[in-house]
Amino acid sequence: MKLPPKPVKRSKQLAPLSREHHETLLFTWKIRQGIKHGVSNKLIVEYCNWFWKTELKQHFQKEEQAVGMILPFDHPMMAKMVDDHQAIEIQIKQLSEYASEFGLERLDRAISNHVRYEERLLFNYVERIATSDQLDKLLAQLIVDKKDQPLWKNQFWLKT
């Protein structure tokens, strides 16, 4: 019997990004639940656009700035992170033009795989090579006051 991977013990400096990753994986679960329950693609895409504007876009910007303090932008791991961010943004924009179940499933996979990459590879590498001073500066970069964002009220992911 194969056991699930053990949770990664994240440094306190990168923990805020990991907590946001939990919210992002919950977002992908909601997409899958919406599809499973036969919710209109258009409504799920509206939710994706809302999540992009209120959460994901800022999260990507914080990651790129914070990790960019440790890794140069031409480092292969950094480049992959940025490429993934750009690809996800493009997928969300494409869904706005054509809301399809295939596109939603593709977005779910892209985001889920990206979060796994960051949690299992990128963040572990950053924690290994960064000094404690660099990690503390990284944490200071992550502390951003969130503005009050409008809440998403339609809980389409819940079975009715």
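Bear in mind these aren't lab numbers, they're just calculated from the coordinates by the rules spelled out. Only a predicted model underlies this, so the values are computations on that prediction, with no experimental measurement involved. Glycine gets a Cβ as well: all are built from the backbone with ideal geometry, and neighbour counts include every protein chain shown.
Using a Gaussian network model of the chain with C-alpha springs under 10 Å, which one of I111, I44, I143 is most mobile by mean-square fluctuation?
Sorting by GNM fluctuation, first place goes to I143.
Would you list E64, E46, E118 from fewest to most Cβ contacts within 10 Å? List each step's numbers first, then the result.
Numbers: E64 14, E46 17, E118 23.
Ascending number of Cβ neighbours within 10 Å: E64, E46, E118.
Using the number of other C-beta atoms within 10 angstrom as an exposure proxy, rank H37, H21, H85, H75 with the fewest first.
H37, H75, H85, H21
If I stretch the segment between Q58 and K93 completely, what's the gain in nm (0.36 nm per residue apart, minus their alpha carbon distance), one decimal?
The Q58-K93 span can extend by a further 11.0 nm.
Among the listed pairs K36/K93; K57/K80; K9/K57, give every one whose C-alpha distance is greater than 19 Å.
With Cα atoms farther than 19 Å apart: K36/K93; K9/K57.
Note the listed values (1) -0.61, -0.81, -0.97, -1.08; (2) -0.40, -0.66, -0.95, -1.14; (3) -0.47, -0.73, -0.98, -1.14, then indicate which one is log10 I(q)/I(0) by the Debye sum over Cα atoms at q = 0.10, 0.13, 0.16, 0.18 Å⁻¹ calculated from this particular structure.
(2)
Per 0.36 nm of contour for each residue apart, how much would the distance between R128 and Q149 grow if the chain were fully extended, relative to their Cα-Cα spacing?
Extending this stretch completely gives an extra 4.1 nm.
Write out the trypsin sites (Lys or Arg not before Pro) in region 107-153 meeting two conditions: DSSP loop, and at most 11 other Cβ atoms within 10 Å of their Cβ.
Taking region 107-153 and a limit of 11 other Cβ atoms within 10 Å, the loop trypsin sites (Lys or Arg not before Pro) found are K146, K147, K153.
Along the charge dipole of the chain, which of Q155, V45, A130 sits closest to the positive end, that is, farthest toward it, with unit charges on the beta carbon of Lys, Arg, Asp and Glu (+1, +1, -1, -1)?
Looking along the dipole axis, the top candidate is Q155.
Would you mind working out the magnitude of the charge dipole of the chain relative to its Cα centre, with +1 at each Lys and Arg C-beta and -1 at each Asp and Glu C-beta, to the nearest 20 Debye?
Here the size comes out at about 660 debye.
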